[in-house]
Amino acid sequence: MGQQLYFDNYTPVGDILVMTICIVMLILVSVSYVTKTKNYSIFLTMISYLIFAAIADLAHHEWYTYIKDGNYTPVYALRIVYHALLFSLLLLYVVYIVEMQHLEISKRIPIMVTATLVYTSVVITDIVSTLNGTSFKLNKDGTAVSSFNIFLVGYILFLVIIVFLMVAFRDRIYKKAMFGFYGTMAMSFVILFNQGRHGQSSYTVASFLLPIIAMMYLVHSTPYDVELGAINVMAMKDMVRYNYEKKRELLFMSLYMPEFDSEGEAIPEELQSTIRKFAAEFFKKSVLFQINNGHMILFAPKKKNPDHENRLNKILNSFHDEYERFKFDYKVIIGESIDEISRKNEYLSFIENMHRHMEINEVRIVDIDDVTAFKKYEYILDQLEEIYKKHDLRDERVLAYCQPVYNIKTQKYDTAEALMRLKLPEIGMVFPDQFIPIAEENGYIHVLTEIILQKTCDEIKRLIEEGYAVKRISVNVSVLELHDEEFTNDIDRIIDSSGIPNEKVAIEITESRSDSDFMALKSMIEELKVKGIKFYLDDFGTGYSNMERIMELPFDIIKFDRSLVIASDSDEKAEKMVGSLASMFAELNYRILYEGVENDVDEKRCINMSASYLQGYKYSKPIPIMDLRKFFSKA
């Protein structure tokens, strides 16, 4: 039981400091982009309650100094409001943690019922005990009399609930974040404990501020790249979600610079300055999101930019001027929010899909055809995922096609290249250039290889049983598959289980400039060649070709790309160069296969350039693999 002048144990410094910090926090979150979740709304409510609690604490102490007639009713009322706000904050702490832990309804309900009962009980007890003077009373001479501290009781009860939540469901929160919350809560308790020891009440509100600072730093901190002024991709998804829910239309502009797409390739400071200017000057309320080093997407509310078409023209004109200065290649996409894309929050996938079909230094305005192409892409991706999960090596959606290869020595068709097609329920036939890149990007390519190999082996077995002379059929393999530890085992298992000789199968692969790919390729070839499997170097003459590495790899056949066939027809010098390359390989016991032979002139020229095999539309377009019977001869 204590008795002293009520104002003696209080200084306004603590409450003024709390209000100042809270206002600063509100300023910071208003100028940064913070993910607008339910917890963010709770967080803002806490800051507001904290400001009001500080004001109530200041007000009821200040009012106390002006009362001369001993009627302290306004002081009691403000004190009750002050305590109610602090208890509301404690209840919000519980709500915030429950939301953050994503507790199931069965766990959430008893905790929230308990917290609500504690809140209701302590608030009602505080009101009643203050009115009847059993817990706190001011005498007419201004001295304060207190018998028991209802606030301390409520604080401890809420502290027990919060500690229980943090301990019982600790696996729901990232450990470092949990320790951050523990630390700030411990410091809050230290402040209150030391304040009580010295008979003070000035820093009660300040003790509630510390957990809120922890929330801002650990959960709601701004994801800005301070140099560029851009925000990360997760914030972009949140902005799209938030505006879609509010039925607000957006404008967007994507800038992709391939030169800076790899990690470590920093955008020059001068170019960063230009991008900052673009983000800040051309659209009102715009937000810039950085997807990776070389890809940025700008979003702006359409309602705030009614003259957006004029603004787009200005930004494009300015962009072209900047391009003349920097000379960095780009792809630019401009559009307005699309309901279907917004609903699924797929702008990043949508834009990346458009990039695949754009030329360098092209500006594309989004239209309905782009949306249709993306829907097709998504459908193909879903089907590939289903094929991957099902892992049926005779999946009916994967069709085995082939292109017969003419053997110059035997003057017969006894080899072929197996090719893939997809036949999907909703869109029908899909060609490799549409689905192979998608399969490679998403890790589904090896399953497709297994399926086409299985179907090729099945057909080889049928042809042999029917008496056809089959030298071999080749199957294409992606260089991305080589790093799969089970790759060679899968190839070996499928061929063995089919019951055909290994030499009836060949593998076609394109060279890669990657050192790790080269070592994996070399190891894979050496392991499978021992079993009699032949290897083709595919697409020689396109892109990267390292002669030294080719010589290190035990290929059997070098496939000269259609581009070399065309080049050899351009002039005598080009024909001699291609012919010399082919002659060199032939002298080293490689066989030469020319792709893309389309007429008699091509055929004659390729035969003169050391050809062993010819493939192209002169002989046959790709056909279903069972139609090989029309080309192959009986043994």
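Rule-based calculations on the coordinates, nothing more; no lab input. Keep in mind that this is a model prediction, so the values were computed, not measured. Quick reminder, even Gly has a Cβ in these numbers, built from the backbone with ideal geometry, and neighbours come from all protein chains shown.
Couple of notes before you dig in:
- Among the listed pairs 529/621; 471/630; 534/630, a Cα-Cα separation exceeding 21 Å is found for 529/621; 534/630.
- Point-charge dipole on Cβ atoms (K/R +1, D/E -1) for the range 378-630, about Cα centre, debye to 20: 1140
- With the convex hull of its Cα atoms as the shape, the range 299-427 has an orientation-averaged projected area of 13.8 nm².
- Distance (nanometres) between label positions extended 7 Å along Cα→Cβ at residue 45 and residue 293: 4.5
- Taking amide hydrogens as placed 1.01 Å from N in the peptide plane, the amide H of residue 295 sits under 5 Å from those of 257, each at least 5 positions away in sequence or on another chain.
- Candidate values (1) 74, 28, 20; (2) 37, 27, 25; (3) 78, 28, 20, label of the one derived for semi-axes √(5λ) of the Cα gyration tensor in Å: (1)
- Once the chain from residue 598 to residue 549 is taken as fully extended at 0.36 nm per residue, the excess over their C-alpha distance is 14.6 nm.
- Principal axes of the range 378-630: Cα extent on each, largest first, Å: 53, 43, 37
- Dipole of the range 230-366, positive end: most advanced residue of 330, 240, 282 [Cβ charges, Cα centre]: 240
- Nearest-ten-degree value, helix 308-326 long axis tilted from longest Cα axis of the chain: 60
- Once the Cα-Cα distance is subtracted from the 0.36 nm per residue extended length, the residue 623 to residue 310 segment shows a gain of 107.4 nm.
- FRET efficiency for residue 114 and residue 326, using Cβ-Cβ distance with R0 set to 56 Å, rounded to 0.05: 0.35
- Once the C-beta distance of residue 104 and residue 156 is scaled by a Förster radius of 35 Å, the resulting FRET efficiency is 0.80 to the nearest 0.05.
- Computed across the range 418-534, the Kirkwood radius stands at 15.2 Å (inverse of mean 1/r, all Cα pairs).
- Label-point separation, residue 26 to residue 234 (7 Å along Cα→Cβ), nm: 2.7
- Under a model in which nothing but the beta-carbon of Lys, Arg (+1) and Asp, Glu (-1) is charged, the chain shows a dipole of about 2280 debye around its Cα centre.
- Assigned charges on the beta-carbon of Lys, Arg, Asp, Glu; the range 230-366 dipole about Cα centre (debye): 840
- Residue 134-residue 77 pseudo-label distance in nm [points 7 Å out on the Cα-to-Cβ vector]: 2.4
- Look at the dipole of the chain built from charges on Cβ: of 457, 420, 150, the Cα furthest out on the positive end belongs to 150.
- Debye log10 I(q)/I(0) for the range 2-218, one point scatterer per Cα, at q = 0.08, 0.13, 0.16 Å⁻¹: -0.30, -0.77, -1.13
- Here the Karplus relation 6.51 cos²θ - 1.76 cosθ + 1.60, evaluated at θ = phi - 60°, turns the backbone of the range 111-118 into coupling constants of 5, 5, 5, 4, 4, 5, 5, 4 Hz, with x for every Gly and Pro.
- Kirkwood radius, the range 361-484, all distinct C-alpha pairs, inverse of mean reciprocal distance: 16.3 Å.
- Taking the helices alone, the chain has a mean residue ellipticity at 222 nm of -18000 deg cm²/dmol, built from -39,500 (n - 2.57) per DSSP H run of at least 4 residues and averaged over all its residues.
- For residue 250, distant residues with modelled amide H under 5 Å away: 302, 337
- Extension gain, residue 409 to residue 344: 0.36 nm times the residue separation minus the Cα-Cα distance gives 17.6 nm.
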